[in-house]
Each structure stands twice: as structure tokens, then as C-alpha cells.
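This report refers to the structure that appears directly beneath it.
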Amino acid sequence: MGPRWLWGLRRGLILFGELAVTLGLVVVLLATYELWWTNRSADANAAQAVATLERQWDAQARADASTASPSPGASPGGSGSVAPTAGTSAPAGSGSGGGAGGASGGDSGGGTGVDSMARDLTAFAVIRIPTLGVVFPVAEGVDKYAVLNHGYIGHYPGTAMPGRPGNFAVAGHRNTHGEPFRHLDRLGVGDAVVVEVSGWDYVYRIDSILPQTEPADGAVILPEPYSEFHPEARYGYRTPGSYITLTTCTPEFTSLYRMVAWGRLVGRQPRPATVGA
């Protein structure tokens with residue numbers, strides 16, 4: 001049978017091995033949830049939100065056409081716009097960390113039943129980045145729990161609305177929860193970012209990309225955005241205009257710093273009806 005201490009050591013090793021296996025399984029399950037399931041559910045929410053919003057826009061366009069032709073000078077946001085709220089905040093956390101801001105309530109344009117909170121979000125725009133294959137809805141607010149974790153790109157409260165003078169500033173996750181800005185580092189100067197709202201597509205052209213800045217660099221979402229921490233002339237703008245700012249976390253799988261891409265409005269066109277609408 002052997003010495004008692006040897007028997008106790010053997011039993012301790014067996015117990016340690018069982019605990020190690022259990023801990024390993026828990027880590028695997030957590031990693032699977034974060035890296036696979038959150039993307040799956042957020043992608044489903046985002047796709048449903050985009051489809052619902054486009055159906056609403058098409059129905060509104062048909063209703064408008066049956067009464068009178070829409071005026072080219074109509075409000076750019078149309079019935080799909082949301083009035084900006086007061087105040088701005090520093091760039092939101094869009095990786096593992098959180099950010100500032102809030103979400104607007106109302107009838108949902110998104111959600112599939114996978115996440116009940118997503119059904120309470122109101123999408124008012126769709127962002128498409130052709131070079132990255134990005135197609136995601138935009139909702140008001142940049143809080144990660146209320147907005148970003150549900151597969152939405154978040155609009156910084158207080159910044160301009162699409163197509164308007166000022167800075168249309170948004171945040172999105174780089175990893176997990178749909179990760180709309182996963183490959184923002186692959187965006188290049190001259191690439192197009194299309195923002196769709198009711199009746200209109202606004203086309204922005206990327207002018208500059210800041211690979212890394214501090215989370216507290218709030219100047220990146222000002223009406224004339226630039227970086228307080230990187231004031232080089234090649235980053236941001238110094239004159240009034242109609243701009244877009246895309247922010248996300250960097251490096252990947254962290255929220256230590258922020259990556260920022262800026263573009264300017266170069267054109268708009270009537271939004272075509274969705275195929276099969």
C-alpha cells in the first residue's frame with residue numbers, strides 16, 4: 001500500500017489534475033463564447049436591423065412617390081434621422097473595454113430574439129465600407145453594453161448627423177460582438193465609406209488614418225477633428241467641412257489605445273430601392 005504520505009501525494013495530484021481539466025474547459029467555453037457566439041448573435045442582430053431599416057425606407061419611398069416627388073432639398077436624414085443630443089465624449093472603448101455615451105430607445109429596427117436588448121435599439125443609418133466588406137447598422141450612443149455589443153456601430157451623441165456640416169463620428173468593436181471595425185487597419189486613404197439614411201446615400205472619402213492615440217484624445221471627434229496627442233498636419237482637419245470619424249480599439253483584443261480614420265463628404269445620391277422590395 002505504501003507510505004501514507006505517498007498515498008496523500010497521489011490523491012492530491014489527482015485532485016489537481018481534475019481541477020486543471022475543469023479550469024481548462026471553462027477557459028475554452030469562455031473563449032468560444034467571446035470569439036464565436038458573440039459574433040454570431042451580433043451579426044444576426046445587425047443583418048436583421050439592416051434589412052428592417054431598408055424595408056422601412058423602401059416603404060416610405062413608395063408612400064412619398066404616391067403623393068409627391070421628394071424634393072432634392074429635403075432634410076438629409078429624412079424620416080430615418082435622429083436629432084443629436086448635447087455634449088460630446090472621448091473616443092469610446094470598442095474592443096474589450098467600455099466607453100462613454102448612451103443609447104436611444106424606441107421601436108427597434110434590429111434584433112432577432114437572440115438578444116432582447118437589441119430589439120430596443122433604434123437604427124437610423126447603415127454604414128458600408130466596400131473595401132472591407134462592412135455593412136452594419138448605426139444607432140445612437142457608444143456605450144458597449146447598450147449599443148456596441150449588439151452588433152451596431154454607435155454614433156457619438158452631440159456629433160453631426162450624416163451629410164450635415166460638422167463631424168459624423170462613430171465607434172465600433174474591433175473584436176467580438178460582430179467586430180464591424182475588425183480590419184479598420186486595412187482601410188486606405190482614398191477608400192470610400194458610404195452612409196445610407198432614408199432617401200440618401202452619403203459618400204465619404206478617407207483622407208487620413210491615425211494608427212494609435214490615447215483613449216482621452218477627445219479632439220478626434222470635434223466638428224473639425226484632429227488629435228491633441230498627435231498634432232501633425234497629416235492627421236485630421238483644420239477647416240470647417242462635413243466629415244466622418246471612425247474609431248475603434250487597438251491593438252487587437254485590447255482597449256489600451258484608439259485607432260482613428262477620418263474622411264470628408266465628397267458626394268450624395270438618392271438611395272436606390274432595395275432589390276426585391
Worksheet item: Name the pairs whose Cβ atoms lie under 7 Å apart, with the first residue in region 210-230 and under 16 Å from Ser242 (Cα atoms) and at pLDDT 95 or above, the second surrounded by fewer than 16 Cβ atoms within 10 Å (Cβ to Cβ) and of a type in the set (Val, Ile, Thr), and 6 or more positions between them or separate chains?
Response: Glu224/Thr239
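Here is a yes/no grid of residues against (1) over 22 Å from Tyr226 (Cα atoms); (2) β-branched (Val, Ile, Thr); (3) crowded, with 20+ Cβ neighbours inside 10 Å:
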| site | (1), (2), (3) |
| --- | --- |
| Lys144 | yes, no, yes |
| His150 | yes, no, yes |
| Gly158 | no, no, no |
| Phe168 | no, no, yes |
| Tyr204 | no, no, yes |
Worksheet item: For residues in region 1-53 being modelled with pLDDT under 70 and hydroxyl-bearing (Ser, Thr, Tyr), which is nearest to the chain's Cα centre (by Cα)?
Response: Thr38
Worksheet item: Here are some residues: Glu228, Glu252, Glu179. Which one is part of a loop (DSSP other than H, G, I, E, B) and surrounded by 21 or more Cβ atoms within 10 Å (Cβ to Cβ)?
Response: Glu179
Practice prompt. For residues that are in a strand (DSSP E or B) and touching a Ser or Thr at 6+ places or on another chain (Cβ under 9 Å), scanning just region 194-205, find the one that is nearest to Gly151 (Cα to Cα).
Written response: Val197
Discussion item. Suppose we filter region 135-176 for residues that are within 14 Å of Thr122 (Cα to Cα), touching a Ser or Thr at 6+ places or on another chain (Cβ under 7 Å) and either among the charged types (D, E, K, R) or part of a strand (DSSP E or B) (or both); how many remain?
Written reply: 2
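The values are calculated or read from the model by the stated rules, or taken from the named source; none is laboratory data. Here the structure is a predicted model, which is why all the values come from computation and not from measurement. Using ideal geometry, Cβ is built from the backbone for each residue, glycine included, and neighbour counts are taken over all protein chains shown.
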